[in-house]
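Scroll down for the structure; my scribbles are underneath it.
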Amino acid sequence: MRIIASLKIASRALRRNKMRSLLTMLGVIIGVGAVIGAVSLTSGATKQVEDQVSNLGENVITVFSGNFTTGGMRGGWGSAPTLTLEDTAAIRLLPHVVAISPEVRDRAQVLANGLNWNTQVLGESPDYPQIRNWDIASGSMFSDQDVRTLAKAAVIGKTVADQLFPNENPVGLTIRIRNLPFQIVGVLAAKGFNLFGQDQDDVVIVPYSSHMHRITTRTFVNSIQVQAENDKVISLVQQEITDLLLARHRSKEQDFTVRSQLELMQTVTATSRAMGFLLAGVAAVSLVVGGIGIMNIMLVSVTERTREIGIRMAVGARAADILVQFLIEAVTLSAIGGAIGIAGGVGFSRLVAYLKDMPTVTPVIWIVIAVVSSAVIGIISGFYPAWKASKLDPIDALRYE
Amino acid sequence: MAGVSRAVVDLILKYFVQTNPVIKLDAIQKTYHTGEVDVHAVRGITLNIFPGEFVAIMGSSGSGKSTLMNMIGALDRPTGGHYWLDGIDVSTLDRDALADVRNEKIGFVFQGFNLLSRTSALENVEMPMQYNRQRIHSHEQRTRAQQSLELVGLGPRADHHPNQLSGGQQQRVAIARALVNKPSLLLADEPTGNLDSQTSIEIMGVFQKLNDQGITIIMVTHELDVARFTKRMVILRDGKILTDEAVQNRSVADKELQRLRQEQQAVKLAS
Ligand SMILES: Nc1ncnc2c1ncn2[C@@H]1O[C@H](COP(=O)(O)OP(=O)(O)O)[C@@H](O)[C@H]1O
Ligand SMILES: [Mg+2]
């Protein structure tokens, strides 16, 4: 028999018993809804963390001075005087290193326009915006020339620009750092807060050479930001840097620490994968429960409609026609249940996201999984009742009271 | 003897008019194996039925009428003997082939109507066409179902559900459903068993009209009054044919109805 005709018969049978059909679907609706809702919320949270991690820059390796595990160095990363500009130059020559910036950090009071503001002053190389994946909103980054000439050039973050130049474009204007006039050559695009809740836009960036000679008088850098060619070579480059610096420093103990953003990312993805397995388990259990509900009702339905089956067989329905009819009924039940569940789950996660101000993402793959598994549940749970119906003897079925 | 005269008629029909029987039963048997004892419901029936015949199968309760009809209707398989329907040996067909035979060659009418409840008359009549091996366009299904309902005088009630129809009307829907696939054979197992006498005569009128149009009809009944509307009576006893003869003084439904109405009129006038 044609599928369309079967669908018509199925939909009529289901509409005839609306309340029962709804209750039958409830298992699948709740199962699919719960899974889609939970997946949407956890995926949203995971994506938020991932965004913040990639916000740190792409394929970035950071070399800190000092070794966290060394007993003597209690000043924290970046405080020990162990990394030099020569180290930076040597690392630059390693294969797969595409950009590098030695970093010196300081806090200072900066003045402009008769206003003042306490902010972080960083010394960096012109590669810095590329490494951090950070756009310049107006103007440009200072140049290598500026680094060589210890130029008094500065690029400022959005927060500093807003605080000191509320009504004008700061590019071309002057900012005073430790009483030295620096010319603003660019303003960075807004980047927001980092994973640790710090305002990344509250910053002034100057050439590292100017920082080390004019603002502070340092011969060591706090850290070195390195960008690797791609994510596949990150571990390799990390190892090369470690080997290189160990050789250069000739110290017994490792006096630096090499960390990559990849490690952070792996932690995040491992967590979300564990969450995914958990949800898949919940999904499987709830769909099995939903399937049992459907099978139960289909068995009742076959018994109730024994006479109808007999009539259909008497006018020429083959066993396969009856089988298909009941299978389609079961699949329709679970597919509609699945669809309502998906809509409900997405709606629920949107509502929670709206009320709790959380991000929510419903991955397409989970929608596909929900659709496929509810169809499969329909087929599996409908098959036995449908097979039972199709095996009925026409005369016995017609006589059934 | 009646059986002998019938055999002569068969021979004449076969060799001189050159018609083949619609139904040819050759020593058909049906034995039910239930528990300890075997029930021999039908024990060797040989019978030919030709196109255009209108046959009543009679006999007391338990004489094997329904068992025989179910085998003729391809709902059941004989345990012995052979059965040819339109020249096809039905006794050897498998389940699916039997379903196809029921769909294409046979229309069955039951005592209990056997309509789908909460389904309109039109949709009930459309149902056999859903199982046709050749696709029938849904538009054509509708038209044919409507025509079939008109044939039994129920055209205006096409969208009524069974519970909105009287017993006689429900049986007409069942007849329309049996006819919709243009079968070679219309079978009816006690079609008037659940109906009052006037409605029974109306249904017999429908059958006589269909038979006049050339449809072959076999009907089970245990009422002589009903059997008298047919052309030939086969009486069974204990699963065998007792007599098989043409109906003398055949009743005509239109006349019987007229007579019934006059009687009712007279009763009304008298009271
Ligand atoms: N499914 C069955 N199983 C066992 N015995 C049956 C079955 N159907 C009918 N019979 C028996 O076969 C005999 C003929 O029954 P049936 O053909 O229904 O008679 P009728 O229709 O003439 O009243 C009866 O004795 C009945 O009890
Ligand atoms: Mg009977």
Debye log10 I(q)/I(0) at q = 0.11, 0.17, 0.19 Å⁻¹ for the range B:92-251, Cα point scatterers: -0.45, -1.03, -1.22
Listed residues B:G205, B:V180, B:G167: farthest to the positive end of the dipole of the range B:156-216 (Cβ charges): B:V180
A:N222: net charge of surrounding residues, Cβ under 15 Å, Lys/Arg +1, Asp/Glu -1, itself excluded? -1
Short version: which residues of the range B:82-128 lose at least 40 Å² of accessible area, all chains versus chain alone, 1.4 Å probe? B:R95, B:D96, B:R102, B:N114, B:L116, B:R118, B:M127
Comparing each residue of the range A:308-324 in the complete protein assembly with the chain by itself (heavy atoms, probe 1.4 Å, ligands and nucleic acids ignored), those losing at least 30 Å² of accessible area are A:I311, A:R312, A:A314, A:V315, A:G316, A:R318
Helices from chain A with mean Kyte-Doolittle at least 1.0 and a Cα length along the axis of 18 Å or more, per DSSP H: which? A:261-304, A:319-356, A:364-390
Once amide H atoms are built 1.01 Å from N in the peptide plane, which residues 5 or more positions from B:K30, or in another chain, come under 5 Å H to H? B:A41, B:V42, B:R43, B:G44, B:T79
Given the pairs A:K191/A:K356; B:K65/B:K209; A:K391/B:K105, which span a C-alpha to C-alpha distance of over 31 angstrom in this model? none
Ratio for chain B, C-alpha Rg to 2.2 N^0.38 Å, reads 1.04
Sorted by average packing, counted as other Cβ atoms within 10 angstrom per residue and highest first, what order do B:247-255, A:8-16, B:229-237 take? B:229-237, A:8-16, B:247-255
For chain A, dividing by residue count, accessible area per residue (probe 1.4 Å) in Å² works out to 48 Å²
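How would the range A:176-276 be classified by its alpha-carbon gyration tensor: rounded, prolate or oblate, with rounded meaning a/c under 1.5 and the a/b versus b/c comparison settling the rest? Walk me through the numbers on the way to the answer.
Details: a/c = 2.59, a/b = 1.28, b/c = 2.03.
Oblate, since a/c reaches 1.5 and b/c is not below a/b.
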Report the Cα-based extents of the range B:13-166 along its three principal axes, largest first, to the nearest Å. 47, 46, 29
Counting other chain Cβ atoms within 10 Å of each Cβ in A:388-397 and taking the mean gives 2
Counting Lys and Arg as +1 and Asp and Glu as -1 over every other residue whose Cβ sits under 12 Å from the Cβ of A:L392, the net charge comes to +4
How well do other chains shield peptide B:64-71, expressed as the mean number of their Cβ atoms within 10 Å of each residue Cβ? 1
What whole number of Å gives the distance from the Cα centroid of the range A:5-47 to the Cα centroid of the range B:207-271? 57 Å
Can you pull the percent of the protein assembly as shown's accessible area that's carbon plus sulfur, 1.4 Å probe, other chains left in place? 57 percent
Have a look at A:V28, A:V352, A:V187 and tell me which one the Gaussian network model of chain A (Cα, springs below 10 Å) gives the largest fluctuation. A:V352
Report the far tail of the P(r) of the protein assembly as shown, meaning the percent of Cα-Cα pairs longer than 31 Å. 69 percent
Taking each residue in B:129-137, count the Cβ atoms of any other chain within 10 Å of its Cβ, then average. What number comes out? 4
Surrounding net charge for B:L257, when Lys and Arg each add one and Asp and Glu each subtract one, Cβ distance under 11 Å: -1
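Using a 1.4 angstrom probe, figure out how much accessible area the range B:9-82 has per residue, in square angstrom, rounded to the nearest whole.
47 Å²
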Sort A:107-118, A:370-381 for me by packing, meaning the mean count of neighbouring Cβ atoms within 10 Å per residue, highest on top. A:370-381, A:107-118
Would you rank B:R259, A:R105, B:R102, A:R148 by solvent-accessible area, highest first, keeping every protein chain in place and using a 1.4 Å probe? A:R148, B:R259, A:R105, B:R102
Mind checking the dipole of the protein assembly as shown: about its Cα centre, +1 per Lys or Arg Cβ, -1 per Asp or Glu Cβ, Debye to the nearest 20? 1180 debye
Whole-angstrom Cα spans of chain A along principal axes, big to small: 104, 54, 35
With a 1.4 Å probe and every protein chain left in place, work out the accessible area per residue of the range B:134-263 in Å², rounded to a whole number. 48 Å²
At 10 °C and a viscosity of 1.306 mPa s, what translational diffusion coefficient does Stokes-Einstein give for the range A:83-254, taking Rh as the Kirkwood radius over Cα pairs? Give it in µm²/s as a whole number. 94 µm²/s
Summed buried accessible surface, chains B and A, 1.4 Å probe, nearest 100 Å²: 2400 Å²
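The values are calculated or read from the model by the stated rules, or taken from the named source; none is laboratory data. Here the structure is a predicted model, which is why all the values come from computation and not from measurement. A quick note on method: Cβ atoms are made from the backbone with ideal geometry, for glycine too, and the neighbour counts reach across all protein chains shown. These area figures cover heavy atoms from the full protein model, side chains too; ligands, DNA and RNA do not enter into them. Shrake-Rupley method; radii C 1.70, N 1.55, O 1.52, S 1.80 Å.
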